[in-house]
Amino acid sequence: QKEVEQDPGPLSVPEGAIVSLNCTYSNSAFQYFMWYRQYSRKGPELLMYTYSSGNKEDGRFTAQVDKSSKYISLFIRDSQPSDSATYLCAMSGSNFGNEKLTFGTGTRLTIIP
Amino acid sequence: DTGVSQDPRHKITKRGQNVTFRCDPISEHNRLYWYRQTLGQGPEFLTYFQNEAQLEKSRLLSDRFSAERPKGSFSTLEIQRTEQGDSAMYLCASSFYRAGETQYFGPGTRLLVL
């Protein structure tokens, strides 16, 4: 069983819809939770990171962590065609970005104009 | 451009050949990471360095793989006797070791072993 599980999709939604992306994990040592966006044939770019349970908002993006359920989510409001990409969740232990990251498989998202 | 750079961007080789990839991290970043990403999967950790010291290697990194960071700046990843299963995107990332710093990824080197 993988330490991080993520529905690979693909997920297609109309422009303007709210998108919900999710990951579950099994390793209780994970303390930092990140969402990366990856466009085709590019490297991942960091969207958001959170440390504790709760919500964190940045513009149209909201990251949510529920450590008791070992479940994290990323919500995208007012989705745009430019949001079409693969979204990867990633996790690390106590040292945030200074140790290896464990990624989910990624969810491929398409926003239909 | 002050981001992480990788060279080459694409490499096609025949099975059994050796290949070497280069990564130039963001200036003054003292940690450098290598990941491998296959189609439809997330990146998988291979190894990382702090300055020139290799601090951790994944069990995924077989004896055919070797990584170096001789002067604590750029790094090379060599694959000897390539196999078709080595076909993947090889990603490099760097970070500055202090609280709150994240990893920044390069564009990757896409390897195809025929």
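Numbers below:
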| item | result |
| --- | --- |
| For A:SER79: the one exception among (1) over 13 Å from the mean Cα position of the chain (by Cα); (2) within 14 Å of chain B (Cβ to nearest Cβ); (3) open to solvent by less than 20 Å² (accessible area, probe 1.4 Å) | (2) |
| Odd one out for A:PRO10 among (1) in contact with a Lys or Arg (Cβ under 9 Å, 6 or more places away or on another chain); (2) modelled with pLDDT under 95; (3) surrounded by 15 or more Cβ atoms within 10 Å (Cβ to Cβ) | (3) |
| Failed criterion for B:SER94 (all others in (1) part of a loop (DSSP other than H, G, I, E, B); (2) among the polar types (S, T, N, Q); (3) open to solvent by less than 10 Å² (accessible area, probe 1.4 Å) hold) | (1) |
| Every residue from region B:67-114 that is of a type in the set (D, E, K, R), at the interface with another protein chain (Cβ under 7 Å from one of its Cβ atoms) and touching a residue at least 24 places away in the same chain (Cβ under 8 Å) | none |
| Residue ID - nearest to B:GLU101 (Cα to Cα), chosen from residues in region B:20-46 that are open to solvent by 50 Å² or more (accessible area, probe 1.4 Å) and at the interface with chain A (Cβ under 8 Å from one of its Cβ atoms) | B:GLU44 |
| Condition met for A:LYS67 (within 14 Å of chain B (Cβ to nearest Cβ), basic (Lys, Arg) and open to solvent by 50 Å² or more (accessible area, probe 1.4 Å)) | no |
| Lone qualifier among A:ASN27, A:ASN55 - being surrounded by fewer than 20 Cβ atoms within 10 Å (Cβ to Cβ), in a strand (DSSP E or B) and at pLDDT below 95 | A:ASN55 |
| Subset of region B:47-59 (residues that are part of a loop (DSSP other than H, G, I, E, B) and more than 10 Å from every other protein chain (Cβ to nearest Cβ)) | B:ASN51, B:GLU52, B:ARG59 |
| In region B:62-90, residue farthest from the chain's Cα centre (by Cα) [restricted to those that are closer than 20 Å to B:VAL4 by Cβ, at pLDDT below 95 and not polar (S, T, N, Q)] | B:LYS71 |
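The values are calculated or read from the model by the stated rules, or taken from the named source; none is laboratory data. In this text the structure is predicted, and so the values were computed from the model without any measurement. Reconstructed Cβ throughout: ideal geometry from the backbone, glycine too, with neighbour counts over all protein chains shown. Quick note on the areas: whole protein, heavy atoms, side chains included, nothing else; ligands and nucleic acids left out. Shrake-Rupley method; radii C 1.70, N 1.55, O 1.52, S 1.80 Å.
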